[in-house]
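Taken together, the values in this text are just the output of simple stated rules run on the coordinates, not laboratory data. This is a predicted model, so every value here is computed, not measured. In this analysis, Cβ positions are derived from the backbone assuming ideal geometry, glycine residues included, and neighbour counts consider all displayed protein chains.
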Amino acid sequence: MTTSSITAPAAVVTPRDTVPDPARQRRRRTLARWGFVAPAVVFMLLFFGYPLVRNVVMSFQHYTPKTFFTGRAPFNGTDNWSHVFRDALFGKALWHTLVFTAGSLLGQFCIGLALAVFFNRRFPLGGVLRSLILLPWLVPMVVSGVVWRRILDQDTGVLNSFLDTLGLPGHTPWLTDPGMALLSVILVNIWIGIPFNMVILYGGLQEIPRELYEAASLDGASAWRSFRSITLPMLRPVITVVLVLGFMSTVKILDLILALTDGGPADATQTLGTLTYQNSFVQLDFGAGAVVGNVLILISAVFAVLYLRANRTEGK
Amino acid sequence: MASRPSTASRRRWGSTIAGVIVLCVMLFPLYWMLNTALQPAAGLLRVAPVPHNLDLSGFSKALDDQGGHLLTSLVVSLGAVVICLAIAAPAAYGLARFGLRGTRTIVFGTLITQMVPGIVIANALYNTYVDLGLVNSYAGLMLADASLGIPFSIVLMRSFMVSIPGEVIEAAQVDGAGALRTFLRVVLPMSRNALITSGLFAFLFAWSDFMFALTLNTTDDVKPVTLGIYQYIGAHVGDWGSVMAASVLSAVPAAILLVVAQKYIAAGITGGSVK
């Protein structure tokens, strides 16, 4: 920022005898410069800004399967909103979303941090092993979901046969029991999220000067003590970033749940994301879908504001 | 004293063994995917822990059924990468260097886009796509998939371009190069790494996309492999061998990129999110 604001005026002041009108020249240059940024701004307004506004409008419109032939979606006041809020499924989906997000973040973060600390030690092949662990994160999420669906199969899945050989209850209905399915989906999502958490936290750990640990161990601090008094405080900004990014990407997950359970059994894994999808693209009631989508955005926005405020007070 | 280095090195190799165990646990599901794919005869039965005889019929069936979808994925992803870089690279330069009024707002807006859930975008976009005739089109899906990479690429490349020494750019301008030529001849070549990283991630985001493929297509005209596999499990419940073979094939680009472009990927994850 500072460098560019210094170079820009300097370039303008350069005397150019051949140019008759410096003001016009400057205007042309500014215009040319906006030419670099404008396509991205227009794109983001179309693909992020416009959907936000459109969803609010849509939530007050009555969509039916016929809408796409007639092109008519009349306004119907707050009907969609009251309809969605009265449906018991909405409350369930909201609760599942919160449990899913909190559970996933907790698991991903704790295991990711443990692995980051582990890989922060230097040992042979550490770098190779660390980068191979990224693979689960790079595979398309739907594909991971499909693979886990096979692994968690009640009768022929490998997890149950493994538990069976250990003498543990080998007939667990991981994905088919309404009381079990949400937990299973969370566990799979933890598996998916570990690499991402690990890599970012590892990057943060690398920034912490090793001398701090040496000094602490000279003072006789235990490993746990230096983790609490050095690692955690120094890592705080990175931890915030990981958790915020994790929250935003977890709260809206759709792919994984559709691939694992399709929101079932008996709506046990229905979240705000899948409910938006069901309303809009299965039942073609885009008004109801928009209502749920707006709630989803609102949750993200509240979280973003809290995060920004926390950041600002920290900066002061 | 003499025994100290050997205990230390034994402890370090102990860490390596622990690391290998962690890796095996983390990668086991992917191994199982490959293992199941090589035992198509098992069907709905239990799958043996190791494929005893190599049976590639699952793969040939998967290629028959999903080969076209893999090609679609490739075309759509490459298109999305081109759109993404063409839009994000100039913007990143402009936001890093020009000091335009509103730069801060735009950068902030770029970060905030991460907050908008994809399904909300799809909800509104579908209706607009219907009006514009973009449903079931390659262009429509490429544009939507490009939106997955553009904010990330802008943030990543901008943080790189801020660090290009000002003298280099001024020197080009003194030589009489305009903004566009400076950008193409000086800035882009210097930003090669950031450009590659952004392109790789834009590719992976588009390749992994499922939501836009699912929502912006109503026919089979443009069907990427993620959607193909999802519909496969609905239709071929007993045929896990070929479902898994298709899954393996869809994971190949990720695996190749991880091996070939390892350093870019680790740099991208940290650079794109922390900066």
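Some observations on this one:
- Cα-projected label distance for B:LYS263 with B:ALA48, points at 7 Å along beta-carbon direction, nm: 4.3 nm
- Per residue of peptide A:151-162, the mean number of Cβ atoms on other chains within 10 Å of the residue Cβ is 3.
- Unit charges on C-beta of K, R, D, E only; dipole of region A:88-284, Debye: 480 debye
- Helix runs (DSSP H) in chain A reaching 20 Å along axis by Cα, Kyte-Doolittle at least 1.0: A:88-120, A:181-207, A:232-251, A:286-315
- Evaluated at q = 0.09 Å⁻¹, the base-10 log of the normalised Debye intensity for chain B, with identical point scatterers placed on the Cα atoms, takes the values -0.58.
- Near the amide H of A:GLN61, within less than 5 Å, lie the amide hydrogens of A:ASN76, all on another chain or at least 5 residues away, with H placed in the peptide plane.
- Set A:LYS252/B:LYS223; B:LYS223/B:LYS263; A:LYS66/B:LYS61 screened for pairs whose C-alpha atoms are more than 28 Å apart: B:LYS223/B:LYS263; A:LYS66/B:LYS61
- Among A:TRP95, A:TRP224, sorting on how many other beta-carbon atoms sit within 10 Å of each Cβ, with the fewest leading, yields A:TRP224, A:TRP95.
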